[in-house]
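Working notes for the structure below.
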Amino acid sequence: MAYTAGELICVMSAGPGRSIYLHHSDDNVNTIEAGGYFNNADDDLNLDSGDLIHCVIWDGTPHAAGQVPNGYSLQVVTTVDPAGSVNTAEAGISTAAALSTT
(Lines give C-alpha, C1' and ligand atoms only; values in the text may rest on other atoms or scores of the structure.)
Protein backbone atom coordinates (compact mmCIF):
# COMPACT_ATOMS: atom_id res chain seq x y z
CA MET A 1 0.00 0.00 0.00
CA ALA A 2 1.32 3.47 -0.83
CA TYR A 3 1.09 6.58 1.26
CA THR A 4 -2.00 8.76 1.25
CA ALA A 5 -0.92 12.13 -0.12
CA GLY A 6 -3.00 14.09 2.40
CA GLU A 7 -1.20 12.37 5.28
CA LEU A 8 2.29 13.53 4.25
CA ILE A 9 3.04 17.17 4.96
CA CYS A 10 6.19 19.24 4.81
CA VAL A 11 6.73 20.85 8.21
CA MET A 12 10.06 22.50 7.36
CA SER A 13 11.12 23.27 3.82
CA ALA A 14 14.78 23.96 3.36
CA GLY A 15 15.10 22.69 -0.19
CA PRO A 16 15.39 19.16 -1.57
CA GLY A 17 17.45 16.93 0.71
CA ARG A 18 17.15 19.29 3.67
CA SER A 19 13.43 19.21 4.47
CA ILE A 20 11.44 17.57 7.26
CA TYR A 21 8.12 15.84 6.67
CA LEU A 22 5.41 14.38 8.92
CA HIS A 23 3.48 11.32 7.78
CA HIS A 24 0.45 9.72 9.48
CA SER A 25 -0.44 6.16 8.49
CA ASP A 26 -2.05 2.93 9.59
CA ASP A 27 0.57 0.98 7.61
CA ASN A 28 3.25 -0.80 9.62
CA VAL A 29 6.86 0.35 9.65
CA ASN A 30 8.06 -2.41 7.30
CA THR A 31 5.50 -1.36 4.69
CA ILE A 32 6.48 2.31 4.99
CA GLU A 33 10.16 1.42 4.74
CA ALA A 34 9.72 -0.64 1.58
CA GLY A 35 11.12 0.83 -1.63
CA GLY A 36 8.60 2.85 -3.57
CA TYR A 37 6.16 3.50 -0.69
CA PHE A 38 6.68 7.23 -1.15
CA ASN A 39 6.34 7.16 -4.94
CA ASN A 40 7.18 10.46 -6.57
CA ALA A 41 6.44 9.43 -10.15
CA ASP A 42 3.92 12.24 -10.66
CA ASP A 43 6.24 14.87 -9.07
CA ASP A 44 3.73 15.91 -6.42
CA LEU A 45 6.48 15.42 -3.82
CA ASN A 46 9.78 17.18 -3.63
CA LEU A 47 11.59 14.41 -1.76
CA ASP A 48 15.32 14.03 -2.23
CA SER A 49 18.18 12.15 -0.59
CA GLY A 50 18.68 13.43 2.95
CA ASP A 51 15.09 14.49 3.66
CA LEU A 52 13.64 13.24 6.96
CA ILE A 53 10.15 11.78 7.32
CA HIS A 54 8.71 11.44 10.82
CA CYS A 55 6.09 8.68 10.61
CA VAL A 56 3.33 8.35 13.19
CA ILE A 57 1.76 4.89 13.01
CA TRP A 58 -1.91 4.63 14.04
CA ASP A 59 -3.90 1.56 15.04
CA GLY A 60 -6.54 2.45 12.43
CA THR A 61 -7.44 5.37 10.18
CA PRO A 62 -5.28 8.31 11.29
CA HIS A 63 -7.14 10.91 13.36
CA ALA A 64 -10.42 8.93 13.26
CA ALA A 65 -12.55 8.72 16.39
CA GLY A 66 -11.17 6.18 18.83
CA GLN A 67 -7.86 5.71 17.01
CA VAL A 68 -4.57 6.27 18.80
CA PRO A 69 -0.96 6.40 17.65
CA ASN A 70 0.79 3.12 18.44
CA GLY A 71 4.21 3.57 16.86
CA TYR A 72 6.72 5.95 15.38
CA SER A 73 9.60 5.74 12.97
CA LEU A 74 12.05 8.19 11.52
CA GLN A 75 12.70 7.51 7.85
CA VAL A 76 15.66 9.01 6.00
CA VAL A 77 15.28 9.35 2.23
CA THR A 78 18.28 7.51 0.80
CA THR A 79 17.63 7.60 -2.95
CA VAL A 80 15.09 8.86 -5.46
CA ASP A 81 15.37 7.21 -8.86
CA PRO A 82 14.53 8.98 -12.14
CA ALA A 83 11.16 7.16 -12.31
CA GLY A 84 10.22 8.65 -8.95
CA SER A 85 10.56 5.63 -6.65
CA VAL A 86 11.71 6.86 -3.23
CA ASN A 87 13.76 4.59 -0.99
CA THR A 88 14.00 5.22 2.74
CA ALA A 89 15.93 3.73 5.64
CA GLU A 90 14.63 3.55 9.18
CA ALA A 91 16.75 5.70 11.50
CA GLY A 92 14.85 4.96 14.69
CA ILE A 93 11.62 3.65 16.12
CA SER A 94 9.81 3.82 19.43
CA THR A 95 7.25 1.37 20.74
CA ALA A 96 3.58 1.81 21.53
CA ALA A 97 4.46 1.81 25.21
CA ALA A 98 6.67 4.83 24.70
CA LEU A 99 3.71 6.70 23.19
CA SER A 100 1.29 5.79 25.98
CA THR A 101 -0.12 8.70 27.95
CA THR A 102 -1.04 6.58 31.00
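The values are calculated or read from the model by the stated rules, or taken from the named source; none is laboratory data. All figures in this text were calculated on a predicted structure; none of them were measured in a lab. Cβ placement follows ideal geometry from the backbone for every residue including glycine, while neighbour counts extend to all protein chains displayed.
Structural remarks
- The range 61-91 - residue that is outside any strand (DSSP E or B) and surrounded by 16 or more Cβ atoms within 10 Å (Cβ to Cβ) and, of those, farthest from the chain's Cα centre (by Cα): Gly84
- Counting only residues that are in a loop (DSSP other than H, G, I, E, B) and at pLDDT 90 or above, the range 42-60 holds 3 of them.
- If the condition is being touching a strand residue (DSSP E or B) at 6+ places or on another chain (Cβ under 6 Å) and not hydroxyl-bearing (Ser, Thr, Tyr), then the range 20-38 contributes Ile20, Leu22, His23, His24, Asp26, Val29, Ile32, Glu33, Gly35, Gly36, Phe38.
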